[in-house]
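What follows is a short report on a single structure.
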Amino acid sequence: MASPFEIFRKNQRLWMAGAVLVAIMSFVVAPMLEYFSGARGGASGSNPVIASWNGGVIRQNQVAMDEGDLVLANRFLGELARAVMEKGGIPAVPGFQPEAGSLGITQLNTSPEEVILFRRLMLSEAARHGIQFDDKAAKLFLQRFVDGKLNGSEIQAIMVKSTERRLTMPQFSRFIKDELAFQEMERLTSSGLFFQDVRDSRLVGFPALSTPSKNWREYLRLNQTAKIKAYPVNVRDYLDKVEATPSDKQLKDLYEAGRNIIRTAGMLDSQPAFMLPATADIEFASIDLEKVIADEMAKISDDVLRAEYETRVKANQFRVPIEPENKVEPMGLPPAAGTLPAANPPVTEPAPAPSTETPAPTTEPVKPAETPVPLAETPVTEPPVSSENKPTEPAGEPPKPPVLDNPGEGSGETQSRLDRELGTVRLVSFQEEKPQSDVAPAPAPVEPATESAQAEPAPADAKPADVVPPTPATEGNGAALTLGDKPDAAPQDPASPAVPAVTPMRTQTFEEVKSQIAREMASATATKIIDDKFEQIYSAMRIYQAELATYKNQQDQPGGDKLEAPVKPDLNALAKEHGLDYGTTGVVNSESIALMPIGRSTVSLGGQSQAIPVSRFVEAVSGLGEAYNPLLSVALAGQSTLRFVFWKTDLELPSTPSFESAKENVAAVWKVQEAQKLAESKAKEIAGRVGAGQIEDALTSDIEKKLVVEPSPFTAMNRMFLMFMQLRMSGADEVSQIDQLQPVDMAFMETVFAAKPGDAVVAPDRQRTVYYVVKLIETAPPTEELLANFQRAPTEGVSALVSRGNQQSIQSMQMNIESRLGFRRY
């Protein structure tokens with residue numbers, strides 16, 4: 001009998017060929033069949049269609065599969081890039097920016113389903129244009145990525161380790177070929193926004209240059225104003241005047257135009273949209289954070305609050321500035337910045353009020369005052385009062401500027417003077433030097449000032465309060481003080497810094513901060529209590545969600561023992577157990593739920609992602625929008641903070657009604673369209689009669705004439721919108737709102753600003769509910785002035801608007817692709 005090994009040796013080639021064939025079927029053919037047939041995820045009963053287009057359809061499990069491929073590919077390339085850079089290389093593929101977290105392929109964001117659907121749609125468009133990549137392109141991508149730093153075995157080892165054997169090289173090659181086609185379509189559609197060039201062996205995108213005509217158009221929208229008169233022609237007044245009856249063909253054509261469109265807020269009444277939106281019944285438990293905080297505050301005793309108060313006072317908290325009853329400088333504190341320092345010699349008697357008489361000219365000998373003022377008594381240790389050491393007025397109200405009846409008379413060239421028109425003071429030291437014979441002898445020699453201490457011209461905005469009034473001459477003084485002289489102060493180094501003003505502070509009393517301390521202590525406790533309650537309820541809901549998913553998957557599998565359906569937790573009982581409120585919304589859509597408190601709440605997905613309104617989850621039918629998927633949301637309602645835990649208990653997908661069931665709505669839309677035509681025709685008739693005259697002259701009744709309005713001048717674009725856009729904020733309308741008119745759109749503005757002064761035009765409001773007869777009175781500023789300003793600063797806020805316009809053009813192109821391919825989202 002022949003040995004088995006001998007048989008194997010004789011048929012070795014056949015055995016090896018069979019093994020290779022099995023390997024090919026297992027690792028190449030089977031994954032491909034799985035990929036294109038959507039075998040992952042179970043039968044179609046639990047695998048609804050997410051979207052469809054001409055020649056393509058994608059189900060829920062295919063979205064999950066594409067998402068998994070993206071995650072694995074990004075994980076693999078991330079580890080590969082780390083290994084390449086550790087060896088001194090850098091991946092040389094388009095879009096590789098490690099500092100921005102980009103690995104050169106598509107990244108998933110907070111809406112992975114949208115990314116997958118857009119990618120699939122663009123791949124279909126790429127195939128229509130014949131954009132395809134072969135295995136050689138995929139191999140070249142990988143070679144450039146490793147930059148010659150890794151060999152094949154090292155690449156394979158990193159793939160196995162990073163993806164835990166869930167990604168094979170054939171799968172990655174297929175993924176990269178699709179990714180390259182997708183990136184090429186993105187480059188084609190965004191070519192108006194960016195151009196690409198090679199920098200340091202890397203393909204880098206640069207913003208596309210904008211044309212002068214685009215810059216000028218956006219500049220005019222921001223800076224040119226229009227003054228108009230307007231008369232409204234309301235569409236609702238013509239609904240009863242529609243006498244025609246639509247034919248079945250007209251209604252059916254209108255139905256076909258809107259059978260796959262869902263009506264949303266902001267859509268025109270005349271726009272056909274008859275598809276029924278997704279609806280859901282939402283079950284929730286909620287609690288008001290403020291009520292819990294109030295309950296916890298009531299539990300804190302005064303002893304605990306006072307102990308907390310004492311602890312914080314020792315930590316120098318609750319310090320607030322003293323608010324004086326008047327503006328007098330506090331005693332014992334340095335003067336405020338800009339005021340003169342107090343004199344050193346203490347005074348025991350109040351000094352007399354400053355004289356309001358004009359000082360004698362300096363060209364005459366200085367005479368003592370007619371009524372000498374006695375000097376204040378000073379301690380023996382103080383130096384005698386001289387021209388360098390004079391008493392000043394006691395602290396009180398700041399000195400007032402001198403009143404000069406005739407500042408131009410009886411005053412010498414060297415006297416300080418007050419310019420009443422300019423509100424400034426010209427000091428003696430700032431005036432031009434005169435010959436020695438024209439100037440009175442100096443009262444006493446002083447040390448020469450340093451160069452840094454030389455006087456500078458007084459600022460134009462100097463205030464009279466900064467001026468010191470003249471003091472009459474006293475015994476021992478060589479001359480009276482003139483404007484600009486300072487009362488004597490302690491000697492100070494001119495280079496020494498000024499002493500900053502000290503604000504008097506006090507510690508708030510316990511009663512003042514008692515409520516604040518109690519709220520801060522109770523808030524932390526209340527938040528923890530609510531978190532614990534919600535965690536227990538949320539956990540019970542999550543357990544049911546997992547059990548339900550397991551049960552559904554098991555039901556789709558043929559044969560085997562069937563599991564019992566899991567028991568849904570009683571959310572009402574759980575809410576009562578934990579002291580929460582319970583409720584349901586009933587059947588709602590994304591618009592009707594917005595009128596409820598839970599509909600005004602938002603769901604945070606963590607990280608830096610923006611909070612998502614709950615109404616968005618009503619529209620979603622997969623992922624987080626599936627039935628029995630628990631979510632947490634928060635709503636701010638006045639002074640209260642409402643927290644919710646909720647899930648969908650009933651979900652109806654968007655559906656298209658039959659023509660018979662939608663016929664009434666179709667007829668209503670047709671009637672609105674006909675009324676719009678009548679209103680527009682009437683408005684054009686009135687505008688034709690206006691001509692070069694006034695709108696009132698073209699109207700027949702006094703009631704109609706009273707409807708004519710004359711709004712204030714306006715620009716086409718709202719400047720607040722530009723500021724919000726640059727700050728990446730929302731909330732400002734793009735178009736300026738015109739007082740006394742319904743909200744308008746940019747089409748209205750373009751019609752008005754394209755007219756010439758004196759012309760009468762017709763333009764509807766944003767919702768096409770009113771057609772306005774508009775008489776353009778004038779535009780301002782003149783075109784020559786606008787052009788001159790534009791040439792000086794052509795890009796001030798304009799480049800951002802031009803880029804935004806280009807981006808909108810790209811979005812329009814993508815929408816055209818969706819329309820051409822018949823894209824439909826379910």
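Going highest first, how would you order 745-752, 312-319 by mean Cβ packing within 10 Å?
745-752, 312-319
No solvent, one uniform scatterer per C-alpha: report log10 I(q)/I(0) for the stretch 650-729 via the Debye equation at q = 0.11, 0.17, 0.19, 0.27 1/Å, two decimals.
-0.72, -0.88, -0.92, -1.26
Could you work out how much longer the chain between residue 247 and residue 107 gets when fully extended? Use 0.36 nm per residue separation minus the Cα distance between them, nm to one decimal.
45.3 nm
What base-10 log of the normalised intensity I(q)/I(0) is obtained for the stretch 56-191 from the Debye formula, alpha carbons as equal point scatterers, at q = 0.11, 0.12, 0.19 Å⁻¹?
-0.40, -0.47, -1.20
Report the percentage of all Cα-Cα pairs in the stretch 595-727 whose separation exceeds 25 Å, rounded to a whole percent.
65 percent
If you take the alpha carbon radius of gyration of the stretch 250-309 and divide it by 2.2 N^0.38 Å, what ratio comes out, to two decimals?
After normalising by residue count via 2.2 N^0.38 Å, the value is 2.61.
What number does the stretch 203-305 give for Rg over Rh if you use C-alpha atoms and the Kirkwood radius?
Here Rg/Rh amounts to 1.27.
Given labels modelled 7 Å from the Cα in the Cβ direction, how far is it in nm from residue 127 to residue 697?
The modelled label-to-label distance comes out at 6.7 nm.
Between residue 143 and residue 546, 0.36 nm times their residue separation minus their Cα-Cα distance comes to what?
My answer for the length gained is 140.8 nm.
Leaving out ligands and nucleic acids, note down the accessible area per residue over the stretch 568-619 with a 1.4 angstrom probe, in whole Å².
Counting only protein heavy atoms, the per-residue value for the stretch 568-619 is 55 Å².
For residue 704 and residue 668, FRET efficiency with R0 = 22 Å and r from the beta-carbon atoms, rounded to 0.05?
0.20
When the accessible area of the stretch 56-191 is split by element with a 1.4 Å probe, what percent falls to carbon and sulfur?
The C+S portion of the solvent-accessible surface of the stretch 56-191 is 51 percent.
For a quick check of your reading of the filter: which GluC sites (Glu not before Pro) in the stretch 109-192 sit in a DSSP loop and have no more than 15 other Cβ atoms within 10 Å?
164
Starting with the highest mean, order 781-787, 524-530 by the number of other Cβ atoms within 10 Å, averaged over the residues of each peptide.
So the order, starting with the most tightly packed, is 524-530, 781-787.
The values are calculated or read from the model by the stated rules, or taken from the named source; none is laboratory data. This is a predicted model, so every value here is computed, not measured. As a convention, Cβ positions derive from the backbone with ideal geometry for all residues, glycine included, and neighbour counts pool all protein chains shown. Accessible surface is based on the protein model in full, side chains and every heavy atom, while ligands, DNA and RNA are left aside. Shrake-Rupley method; radii C 1.70, N 1.55, O 1.52, S 1.80 Å.
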